[in-house]
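First the structure, in the form of structure tokens, and then the observations on it.
The values are calculated or read from the model by the stated rules, or taken from the named source; none is laboratory data. Not measured: the values here are computed from a predicted model. FYI the Cβ positions are ideal-geometry reconstructions off the backbone, even for glycines, and counts take in every protein chain you see. When the accessible area is computed, the model is the full protein with side chains, heavy atoms only, and any ligands, DNA or RNA have been set aside. Shrake-Rupley method; radii C 1.70, N 1.55, O 1.52, S 1.80 Å.
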Amino acid sequence: MNYKTILFDFDGTLADTLPVCIYSIGEAFSKYDGKSLSASEVVAMFGPTEADIIRLNLGNRDSAEDAVRLFYDCYVREHDRMVKPNAEINSLLERLKARGHRMGIVTGKGRAALDISLEKLGMSGYFDVTVSGDEMTRPKPDPEGVLTAMNALGGIKEETVFIGDSEADMRAGQGAGVFTIGAHWLEHVQTHRFDTTPDMYITRVAELIDFLEG
């Protein structure tokens, strides 16, 4: 099959950003709720954007917007320290772009955090469309974001691949009717095992290259 449209999740798939997300959300809850959250407790809240995670779950509702601002302050300040560019993934994106693939991102991240990470990691120029959590009415595992990105690229289901690291990604991809790949090639991933079996499971970037070019 000649897959022309390649869609990616972001956190834990294209970039090892989960640690800075978890840290920055945790700082907001620590300061404004006096709570010390574990990484698994933060990940359990994933689905909405980072800002909405805080707005929906912070006990101190009057301070929710201050907590959101603190999240972004921490995210920007700690990004360079906690997230390093991945040469292998950048090479993959360069290669796919050169081969004429239409590429997009479908992520639950908020638009502001996504744009910060794309710019800091030098990834902005690779993608023809990016659909963030702010642009979705229904976040993953609903297929809305995958379908939105695919349609924006003029893709069809039979020629589209969606690659992600989480159970929500697998359900969203399969719900959209596209070929869905579970990728655990970064150190930190959101879901260590999938209840929804992906069409393909990979642990190395080279496996995706072999599949798409084979």
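The table for this structure:
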read-out	value
Residue-by-residue Karplus 3J(HN,Hα) for region 168-181, coefficients 6.51, -1.76, 1.60, Hz, glycine and proline x	4, 5, 4, 5, 5, x, 5, x, 7, x, 9, 5, 10, 10
Qualifying trypsin sites (Lys or Arg not before Pro) for region 1-35 [loop in DSSP, other Cβ within 10 Å: at most 16]	LYS35
Cα-centred dipole magnitude for region 137-186, charges only on beta-carbon of K, R (+1) and D, E (-1), debye, nearest 20	80 debye
Residues whose placed amide H lies under 5 Å from that of THR130, excluding near-sequence neighbours	ILE105
When the chain is reduced to its Cα atoms, the Kirkwood hydrodynamic radius in Å	17.3 Å
Largest-first ordering by accessible area, 1.4 Å probe, given options HIS79, HIS192	HIS192, HIS79
In region 123-214, GluC sites (Glu not before Pro) in a DSSP loop with at most 10 other beta-carbon atoms within 10 Å	GLU187
Per residue value of the accessible surface for the chain (all protein chains in place, 1.4 Å probe), Å²	44 Å²
Of all accessible heavy-atom area on the chain, the percent that carbon and sulfur account for (1.4 Å)	46 percent
Loop sites in region 103-201: trypsin sites (Lys or Arg not before Pro), DSSP, at most 10 other Cβ within 10 Å	ARG193
Of LYS120/LYS157; LYS4/LYS84; LYS4/LYS140, pairs whose Cα-Cα distance is over 24 Å	LYS120/LYS157; LYS4/LYS84
Those residues of region 120-147 whose amide nitrogen sits under 19 Å from the label point placed on ILE156, 7 Å along Cα→Cβ	147
